[in-house]
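The values are calculated or read from the model by the stated rules, or taken from the named source; none is laboratory data. Bear in mind that the values here come from a model prediction, so they are computed numbers and not experimental data. Here the Cβ is made from the backbone with ideal geometry for all residues, glycine too, and neighbour counts use every protein chain on show. Side chains are part of the model used for accessible areas, which takes the heavy atoms of the whole protein and leaves out ligands, DNA and RNA. Shrake-Rupley method; radii C 1.70, N 1.55, O 1.52, S 1.80 Å.
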Amino acid sequence: MLSRQLRHLISSRAFSAAVQDATSSSDTILDTRRELWRKPESPFVKTPQAWVSSLETVEDEKLGLVDLHPDVFRTAPRIDILHRNLTWQSVYRNVQMTKMLTKAEMPGGGRKPWPQKKTGRAHVGSIRAPQFIRGGFANGVRGPRTWFYMLPDAIRIQGLCVALTLKHTQDDLHIVDNIQNLQNGDPKFWTDLCEARNYGYSVLFVDDADEVTGGLAEAQQALPWLNVMPVYGLNCFSLIKYDTVVLSRSALERIEERLLTHIHRAGPMNKKYRYMDYKEKILQEAEAEEDPLMPPVV
């Protein structure tokens, strides 16, 4: 027991010394302290942390540590929930346009090919029957067919939390101070930056703004493995697809705000649509349409 406490003390001192060295090496130190909304009060829940770095230099310049919310970045690794989200994103946009024609839809074949009896041949009413070479299809594919369905909001929110937790646990999630209006837009600079920081073969930058300006926007057009995404477009498929996810400080706060709002909301997550609430609007849709020959039917 004493040796365990001693090892913990030594490791904590070494970690604090590393933090002091990293913060003292940089000229500008960011104030990364912030209050977490509805933080769990359990003594067994630890607050995860992440380094905040800058994208101005190739070297990974540490600016400080930032606290992450445990409800978002320390959830249970439910791989089944993540798999449901990935499956839903993979199939909901698929549409099968193939349509195999039946006997009635095939051109020709209106005449009976031979008499019904006294020929020794099978009874056939059309040469477009399924047993003929150029006949129609029986039980064929009848498109367009879609596999669209909607996952419950609770499953989608939990899937995002699981994906963010896995990325942070595997050291594939990084926080930067800013990704807007960066000076250097040379693709060689960004390639060296990703190699020096071991970002992997593909990197996803996430910001709370719709448009990104500066050096990152210029380099993104020349580097196909580097992508930029707004916060509202973040999804489980993109988090798993890219090797490294880089969040800005503003994107981190926005993601936690949106997810925690939905996690702790009291009302139902799925909006209910009643016909009586929209009946008057639906019946009045064709009021502006005037056609004396073909009046609209609602």
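The table below gives the values:
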item	result
Answer from PRO77, PRO107 - the residue that is assigned by TED's automatic domain parsing to the domain that holds GLU35 and either at pLDDT below 95 or of a type outside the set (Phe, Trp, Tyr) (or both)	PRO77
Residue check, LEU86 open to solvent by less than 80 Å² (accessible area, probe 1.4 Å), in contact (Cβ under 8 Å) with a residue 24 or more places away in the chain and in a helix (DSSP H, G or I)	yes
Selection status of LYS118, of a type in the set (Lys, Arg), over 30 Å from LEU164 (Cβ atoms) and modelled with pLDDT under 95	yes
Filter result for TRP51 (open to solvent by less than 80 Å² (accessible area, probe 1.4 Å), touching a strand residue (DSSP E or B) at 6+ places or on another chain (Cβ under 6 Å) and aromatic (Phe, Trp, Tyr))	yes
Residue ID - farthest from GLY215 (Cα to Cα), chosen from residues in region 229-278 that are among the aliphatic types (A, V, I, L, M) and either open to solvent by 40 Å² or more (accessible area, probe 1.4 Å) or more than 16 Å from the chain's Cα centre (by Cα) (or both)	MET276
Any hit, region 128-142, residues being of a type outside the set (Phe, Trp, Tyr), open to solvent by less than 90 Å² (accessible area, probe 1.4 Å) and in contact with a strand residue (DSSP E or B) (Cβ under 9 Å, 6 or more places away or on another chain)	yes
Region 197-219, residues that are open to solvent by 10 Å² or more (accessible area, probe 1.4 Å) and within 16 Å of TRP51 (Cα to Cα)	ARG197, ASN198
Residue identified as of a type in the set (A, V, I, L, M) and surrounded by 12 or more Cβ atoms within 10 Å (Cβ to Cβ) among VAL124, VAL95	VAL124
Region 279-291, subset charged (D, E, K, R) and at pLDDT below 80, residue most open to solvent (accessible area, probe 1.4 Å)	GLU290
Checking LYS188 against (1) open to solvent by less than 80 Å² (accessible area, probe 1.4 Å); (2) in a helix (DSSP H, G or I), the condition it does not meet	(1)
GLN158 assigned by TED's automatic domain parsing to the domain that holds GLY110 and open to solvent by 10 Å² or more (accessible area, probe 1.4 Å)	no
Among residues of region 63-83, those that are outside any strand (DSSP E or B) and free of Cβ contacts under 8 Å to residues at least 40 places away in the same chain, counted	3
Total residues in region 198-229, condition among the β-branched types (Val, Ile, Thr), part of a strand (DSSP E or B) and out of contact with any Ser or Thr (no Cβ under 9 Å at 6 or more places or on another chain)	1
